[in-house]
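Novice: Quick one: structure below, then a few questions.
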């Protein structure tokens with residue numbers, strides 16, 4: 001059908017013509033289930049009742065149904081306002097003006113105890129408004145979890161901390177190293193070339209590498225971990241370069257996942273990575289020496305398969 005000389009097109013096609021925007025069709029293998037189920041609802045109510053934040057909700061994680069339905073969650077500390085504005089992230093940006101909930105460490109510990117977890121992941125927004133970036137508050141939460149579990153039962157809980165870069169401040173990183181967590185992650189997010197396009201100007205490819213190197217150097221038995229998003233036009237060669245940079249500083253665990261644009265305001269998806277390519281990249285990562293590589297379209301920093309592997313690895317080391 002012709003209309004004033006124009007072929008009848010969809011809204012997206014007209015938008016693309018006039019705004020010079022290209023849309024990449026989402027493939028069949030990107031499917032996200034709507035969250036449901038009794039365990040999911042129980043955990044949702046628990047988190048809401050304690051007035052806690054989770055990255056599962058704030059970052060619109062596609063695995064929320066899988067993880068919450070299985071009784072696990074990643075708690076996001078220090079509020080839901082980040083002082084940085086990365087162009088891939090859905091978390092709100094602003095100035096929290098130094099506000100912290102002093103009861104949050106105990107609230108999180110209570111929630112973890114009620115969930116009967118053996119492995120818990122903590123993360124946080126960036127808090128450049130705090131003198132130590134929030135490292136003391138983060139560390140206090142780890143200790144509260146450890147103390148709560150020790151007081152209730154004779155079992156050891158493993159805590160993974162997905163931390164901000166704390167501006168690569170050794171004092172803040174030392175606070176985290178002394179917290180008692182067994183795993184510390186800091187995400188590289190993307191390859192070197194795309195860092196300025198994707199991440200806030202206060203972040204950096206080299207800065208993240210310095211953080212991960214410092215952590216491993218000063219606590220060799222610590223498990224270190226990072227994550228890369230794919231689908232932003234990176235090449236295999238750039239991914240391999242990032243892998244080599246990470247292995248050169250002893251990073252143990254790598255996760256690779258598909259970037260999904262959370263809103264029109266965020267950086268757009270350039271391409272969708274086929275599951276077979278993710279499998280290939282995982283094999284390359286293992287060949288390069290990572291202890292574990294979790295790779296797939298819906299894999300994220302906190303990913304249950306990776307957590308199961310790390311838990312087994314740490315508990316085996318404890319028996320040695």
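The values are calculated or read from the model by the stated rules, or taken from the named source; none is laboratory data. Note that the structure is a prediction, hence the values are computed from the model and not measured. Glycine gets a Cβ as well: all are built from the backbone with ideal geometry, and neighbour counts include every protein chain shown.
Novice: Tell me whether region 95-110 contains one or more residues that are within 19 Å of the chain's Cα centre (by Cα), crowded, with 20+ Cβ neighbours inside 10 Å and not in a loop (DSSP other than H, G, I, E, B).
Specialist: yes
Novice: Continuing with this model, one more query. Determine if region 200-208 includes at least one residue that is over 21 Å from residue 125 (Cβ atoms) and either under 15 Å from the mean Cα position of the chain (by Cα) or buried (at least 18 other Cβ atoms within 10 Å of the Cβ) (or both).
Specialist: Scanning region 200-208 turns up no residue that is over 21 Å from residue 125 (Cβ atoms) and either under 15 Å from the mean Cα position of the chain (by Cα) or buried (at least 18 other Cβ atoms within 10 Å of the Cβ) (or both).
Novice: Moving on to the next point. In the set 287, 261, 316, which member is at pLDDT below 95, surrounded by fewer than 19 Cβ atoms within 10 Å (Cβ to Cβ) and farther than 27 Å from residue 28 by Cα?
Specialist: Matching residue, one of 287, 261, 316: 316.
Novice: Could you check how many residues of region 235-267 are within 19 Å of the chain's Cα centre (by Cα) and not in a helix (DSSP H, G or I)?
Specialist: The total comes to 15.
Novice: Another question, if that's okay. Could you count how many residues in region 145-168 are part of a helix (DSSP H, G or I) and modelled with pLDDT of 95 or more?
Specialist: 3
Novice: Could you check how many residues of region 91-115 are under 26 Å from residue 158 (Cα atoms), at pLDDT 90 or above and in contact with a strand residue (DSSP E or B) (Cβ under 6 Å, 6 or more places away or on another chain)?
Specialist: 1
Novice: Mind counting the residues in region 225-241 that are farther than 16 Å from residue 259 by Cβ and either without any contact (Cβ under 8 Å) to a residue 12 or more places away in the chain or buried (at least 23 other Cβ atoms within 10 Å of the Cβ) (or both)?
Specialist: So the answer is 2.
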